[in-house]
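Have a look at the structure below before the remarks.
The values are calculated or read from the model by the stated rules, or taken from the named source; none is laboratory data. If you're wondering where the values come from, they're calculated on a predicted model, not measured in any experiment. Cβ coordinates were reconstructed from backbone atoms using ideal geometry, including for glycine residues, and neighbour counts include every protein chain displayed.
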Amino acid sequence: MEPDAEQAAMGYEQARDELADVVRRLEQGGLSLEESLALWERGEALATVCERRLAGARDRVERALASVTPPEDSES
């Protein structure tokens with residue numbers, strides 16, 4: 001499920017914390033089928049936000065590492 005505009009604007013930590021809350025609520029049970037499905041869908045969207053944020057961070061780290069030139073070998 002694709003995140004809505006509110007979810008897409010969330011930072012990683014906020015999306016992660018809300019996802020953990022969704023999981024906790026689902027694990028507690030006692031919800032109607034409709035409530036459970038709505039929470040599940042929200043959790044899927046939040047997981048997508050987290051994955052995208054992590055992928056973006058990974059890309060930034062890889063670009064930063066690629067821009068660093070290794071030091072000259074002084075034993076030549």
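Just one residue in the set 61, 49 is without any contact (Cβ under 8 Å) to a residue 40 or more places away in the chain and of a type outside the set (Gly, Ala, Ser); that residue is 61.
Checking each residue of the stretch 34-47 against the condition of being of a type outside the set (Lys, Arg) and exposed (fewer than 10 other Cβ atoms within 10 Å of the Cβ) gives at least one match. Considering the conditions (1) at pLDDT 95 or above; (2) more than 17 Å from residue 6 (Cα to Cα); (3) surrounded by 10 or more Cβ atoms within 10 Å (Cβ to Cβ), residue 62 is excluded by exactly one of them, (1).
Taking residue 16, is it basic (Lys, Arg) and either surrounded by 10 or more Cβ atoms within 10 Å (Cβ to Cβ) or in contact (Cβ under 8 Å) with a residue 24 or more places away in the chain (or both)? In short, yes.
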